[in-house]
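What follows is calculated from the coordinates using simple rules that are stated; it is not laboratory data. Predicted, not measured: the structure shown is a model, and the values here were computed from it. FYI the Cβ positions are ideal-geometry reconstructions off the backbone, even for glycines, and counts take in every protein chain you see.
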């Protein structure tokens, strides 16, 4: 049994490989230098603690959804998320958390009708930093921008428009039927195959960088859309804090592999052309199957 | 909170819609007739029962991997799977079950070195029944064939070759480093974003049609590749039976939406062009995001 799916063994063999041998993704990561990584700033990192003590760490994406992220920082800073709960776990789709009562007043300073930050103009400076991964026919170019999964293409107004992509672990802002009704008080993360139909329809604001297994392994809700039917099934959230709110010595530190480097391109190529156990490399990789390396920093 | 993600409400509005209004996927399913479905034969249906009493139902795909499926039928028929366990749960990847001891002898009649049934020739009769869904650049044409997610394209020998696709819930046969070492005694199912790099590298033999939440919500293994590190963490499997082994009155009955019908094409189109809550339809849908309807038969 333990011979099966022996992918992890490949990196151990790298030392013995000649330079001509294609490298494994893990081998490429092991050979990176400090310049291939960027740290996650403490004001862009949420720490969500469940009643069980489990912690989930979320990187925010202020460059893509600045007003929604400002709301989330405000909500975390005021302790508004403390005591809310996970209310929805829909298999192969999302885990969602918020105030189940719907009655908790928002703190002052939260924008209650933020604009629909679902797309952004792909200006030249962004295009120059974009690393393409794979094309498909409804998101003409998919790839990575500043370490985030992004699709971009021509839009009605003739400009190019980009959008964050709903890959596994991405975090978004629940909203009602009007596109401007999501404040950031209700959040979800993807726990299944990328629901790309949500792209450009809802604000993505970040991604889980560690601990998603504490969400993805929760019992599925049996009500419509995977909502828990009984109050007792809801999973209490003790607190959500920005890492910057914590004493400096206690701040968790993560770093993300940069996506504008030679190492990243080699990594994507290796993910597209797997070796070892594989008999037929795919030759390409879905933007949501890149699995961008994110790790604890040495002092994290 | 319960206003958010209000997708389920759309079908209820269908009666009031004019014919010009695009239909929702659920509305199309509701309007199907008996001819739009095919039953799952009892000798193609596995019933896996966990110690908790939870049941997982798996449809086998003998047309695509006949020798592996013959092995699995034999193993189920002989009760070989009874008492094995789930040993691996890797987040955003697979749940895998088998004989953790590796010492349980296989029953007579099991092909111990089956051929690599990872691809099949797309003969004209198959091509004529194939419903395309979306193109991407490494599986030139993706779609559905006989109700199964399939990709096909030109291969080295000039013929077209097809393969089952590793969508969420698909079931495959674990193997070692040699492509012919998977008997069917060790099985896995996908619980994350489709790992398309496994396509054409391992035998897919079926899919979970009900109960995958009992697998996808299991605690993740903390060992390499998500294997459980302690014996006590393994999840005992009480039994795996073919439905045809059960008394007829107790046989569960499922039916799968046919993929060579006008209803299927309308369903795919509706999945690609969602209405209601959505402000920007995607215009296309990933083969693994079609979510082919599978349901209990009226007498199931």
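What are the distances, in nm and sorted shortest first, from the label point of residue B:283 to the label points of the same position in each other copy, with each label point placed 7 Å from Cα along the Cα-to-Cβ direction?
2.6
Just tell me how shielded A:86-95 is by partners: mean number of partner chain Cβ atoms within 10 Å of each residue's Cβ, no decimals.
4
Per-residue Cβ counts within 10 Å, from other chains only, averaged over B:285-296: what number is that?
So the per-residue partner count for this stretch is 2.
What distance in nm separates the two pseudo spin-label positions at residue B:239 and residue A:113, each 7 Å out from Cα along the beta-carbon direction?
6.2
Using only the alpha carbon atoms of chain B, find the Kirkwood hydrodynamic radius as the inverse mean reciprocal pair distance, in angstroms to one decimal.
For chain B, inverting the mean 1/r across all distinct Cα pairs yields 20.5 Å.
Between residue B:244 and the same site in the other copies, what are the distances in nm, shortest first, taking label points 7 Å from Cα along the C-beta direction?
Listed shortest first, these distances are 6.5 nm.
Can you give the relative contact order of region B:107-185 as a percent, counting alpha carbon pairs under 8 Å and 6+ residues apart?
31
Nearest 10 degrees, 0 to 90: what angle lies between the long axis of helix A:262-272 and the longest principal axis of chain A (Cα atoms)?
With both axes taken from Cα atoms, the answer is about 90 degrees.
Could you grab the relative contact order for chain A? Cα pairs under 8 Å, six or more apart, rounded to a whole percent.
That works out to 28 percent.
For q values of 0.22 Å⁻¹, compute log₁₀ I(q)/I(0) with the Debye formula on a Cα-only model of region B:182-300, without solvent.
Evaluating at q = 0.22 Å⁻¹ gives log10 I(q)/I(0) of -1.42.
Give the average, rounded to an integer, of partner chain Cβ atoms located within 10 angstrom of each Cβ in B:249-256.
Mean shielding count: 0.
Kindly put B:295, A:175 in sequence by how many other C-beta atoms sit within 10 Å of each C-beta, fewest to most.
Ordered by Cβ neighbours within 10 Å, fewest first: B:295, A:175.
Counting residues in region A:253-300 as N, plug N into 2.2 N^0.38 Å and put the Cα Rg over that result.
Expressed relative to 2.2 N^0.38 Å, the Cα Rg reads 1.34.
Taking 4 °C and 1.567 mPa s as the conditions, I'd like the Stokes-Einstein D for the protein assembly as shown in µm²/s, using the Kirkwood hydrodynamic radius from alpha carbon pairs.
52
Taking only C-alpha pairs under 8 Å that are 6+ residues apart, what is the relative contact order of region A:57-155 in percent?
19
Please compute the volume of the convex hull spanned by the alpha-carbon atoms of region A:60-212 and report it per residue in Å³.
Here the figure is 126 Å³ per residue.
Report the semi-axes of the equivalent ellipsoid for region A:142-244 in whole Å, largest first, where each axis is √(5λ) for an eigenvalue λ of the Cα gyration tensor.
28, 17, 14
Take the alpha carbon atoms of region A:232-273, find their center, do the same for region A:143-214, and report the distance between the two centers in whole angstrom.
Each part reduced to its Cα centre gives a spacing of 16 Å.
Given the C-alpha atoms of region A:25-145, compute the convex hull and give its volume per residue in Å³.
Enclosed volume per residue, from the Cα hull, is 202 Å³.
Along Cα-to-Cβ, 7 Å out, sits the label point; list in nm, shortest first, how far the one on residue B:38 is from those in the other copies.
5.0
Using only the alpha-carbon atoms, how far is helix A:66-77 inclined from the longest principal axis of chain A? Give it as 0 to 90 degrees, nearest 10.
Approximately 70 degrees, to the nearest 10.
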